[in-house]
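**Student:** For reference, the structure I am asking about is given below.
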Amino acid sequence: MPRPSRHHPLPFFVHVLGLAVFAQGTSEFMLSGLAPDISRDLSVPAGAAASLTSAYAVGMIIGAPLMAVTGAHRPRLAPAVFLAAFVAAHAVGAVTADFAVLFCTRVVAAVANAGFLAVALSMAPALVAPERRARATAVLLSGVTLACVAGVPAGALLAERYGWRATFWAVGVLCLPALVLVFRYGSGRSGVSCCSRSSRTARPSRRSPISVCSAPRWPGCRVARSPRSWPSSAPVPFSG
């Protein structure tokens with residue numbers, strides 16, 4: 001059997017996840033440049049506006065372990081719920097005139113960001129063959145790097161021309177493609193199975209000749225073909 005080409009592109013969904021991570025990373029770091037505008041617009045001290053960055057950091061620290069556990073129990077719905085909460089938090093933050101509400105939205109967005117990233121780090125490698133998992137993870141995490149290099153300056157430029165609220169709207173809009181795809185495939189509406197290619201060589205358990213893949217269904221994955229002793233269309237479990 002011919003080996004897959006090393007230049008074969010990654011599933012489109014991996015890049016969409018990277019776009020969502022880029023938007024979330026931009027949201028995390030952009031407040032440092034928006035604090036003066038927020039301070040003037042909401043009539044709060046500059047120190048209070050700067051505390052929004054600290055609120056996001058605290059939300060990430062608290063939300064990471066809690067949301068990772070939650071996402072493990074609901075692997076299909078968790079990514080969509082986290083992204084929806086993130087987008088909703090930015091929409092509320094973009095229209096509110098109350099600093100307390102804005103502060104709460106930053107905490108909610110941070111918790112949702114932590115949960116989505118925890119699930120995405122397990123999701124992206126499961127979409128590709130074992131030898132390409134490192135590349136998929138790198139593409140996903142490159143969103144954070146690009147957020148620091150390009151997202152934060154772009155957010156500052158957008159805020160300078162159209163106001164800090166426009167930056168919140170832009171972050172939310174960037175997450176919409178990933179939200180649509182995660183909800184569509186994560187809810188099981190697609191017939192595509194998310195079994196890793198590595199599972200094609202897996203052996204069935206002695207207790208159960210046919211193992212059912214309990215993983216969520218994501219785009220970019222194919223139904224894994226089983227050994228001869230298995231039904232040809234039976235999906236097999238994956239690790240990752």
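The values are calculated or read from the model by the stated rules, or taken from the named source; none is laboratory data. Just so it is clear, the model here is predicted, and its values are computed rather than measured. Methodologically, a virtual Cβ is constructed for each residue, glycine included, from the backbone with ideal geometry; neighbour enumeration extends over all protein chains shown. With ligands, DNA and RNA removed, areas are computed over all heavy atoms of the protein, side chains included. Shrake-Rupley method; radii C 1.70, N 1.55, O 1.52, S 1.80 Å.
**Student:** If you take the residues in region 162-182 that are open to solvent by 30 Å² or more (accessible area, probe 1.4 Å) and not hydrophobic (A, V, I, L, M, F, W, C), which one is nearest to VAL81 (Cα to Cα)?
**Tutor:** The extreme case among them is PRO177.
**Student:** Would it be correct to say that ARG76 is of a type in the set (Lys, Arg) and either open to solvent by less than 60 Å² (accessible area, probe 1.4 Å) or farther than 24 Å from MET123 by Cβ (or both)?
**Tutor:** Here the answer is no, as ARG76 does not meet what is asked.
**Student:** Within region 33-48, restricting attention to residues that are part of a helix (DSSP H, G or I) and free of Cβ contacts under 8 Å to residues at least 24 places away in the same chain, which residue is surrounded by the fewest Cβ atoms within 10 Å (Cβ to Cβ)?
**Tutor:** The qualifying residue surrounded by the fewest Cβ atoms within 10 Å (Cβ to Cβ) is GLY47.
**Student:** Something else about it: Can you give me the number of residues within region 92-123 that are open to solvent by less than 30 Å² (accessible area, probe 1.4 Å) and of a type in the set (Gly, Ala, Ser)?
**Tutor:** 8
**Student:** Residues of region 157-205 being modelled with pLDDT of 85 or more and more than 23 Å from the chain's Cα centre (by Cα), which ones?
**Tutor:** The answer is LEU157, LEU158, ALA159, GLU160, ARG161, TYR162, GLY163, TRP164.
**Student:** Of ALA89, ALA159, which residue is assigned to a helix (DSSP H, G or I), in contact with an Asp or Glu (Cβ under 7 Å, 6 or more places away or on another chain) and open to solvent by less than 70 Å² (accessible area, probe 1.4 Å)?
**Tutor:** Exactly one of ALA89, ALA159 is assigned to a helix (DSSP H, G or I), in contact with an Asp or Glu (Cβ under 7 Å, 6 or more places away or on another chain) and open to solvent by less than 70 Å² (accessible area, probe 1.4 Å), namely ALA159.
**Student:** Another question, then. Which number in (1) modelled with pLDDT under 90; (2) touching an Asp or Glu at 6+ places or on another chain (Cβ under 8 Å) marks the one condition that VAL119 misses?
**Tutor:** VAL119 satisfies all of (1) modelled with pLDDT under 90; (2) touching an Asp or Glu at 6+ places or on another chain (Cβ under 8 Å) except (2).
**Student:** Also, quick follow-up: Residues of region 19-63 being of a type in the set (D, E, K, R) and within 26 Å of THR145 (Cβ to Cβ), which ones?
**Tutor:** Result: GLU28, ASP37.
**Student:** Assess whether ALA136 counts as being touching a helix residue (DSSP H, G or I) at 6+ places or on another chain (Cβ under 7 Å), surrounded by fewer than 21 Cβ atoms within 10 Å (Cβ to Cβ) and either touching a residue at least 12 places away in the same chain (Cβ under 8 Å) or of a type outside the set (Val, Ile, Thr) (or both).
**Tutor:** The answer is no for ALA136.
**Student:** Given (1) more than 22 Å from the chain's Cα centre (by Cα); (2) modelled with pLDDT under 90, identify the lone condition not met by ALA49.
**Tutor:** Every condition holds for ALA49 apart from (2).
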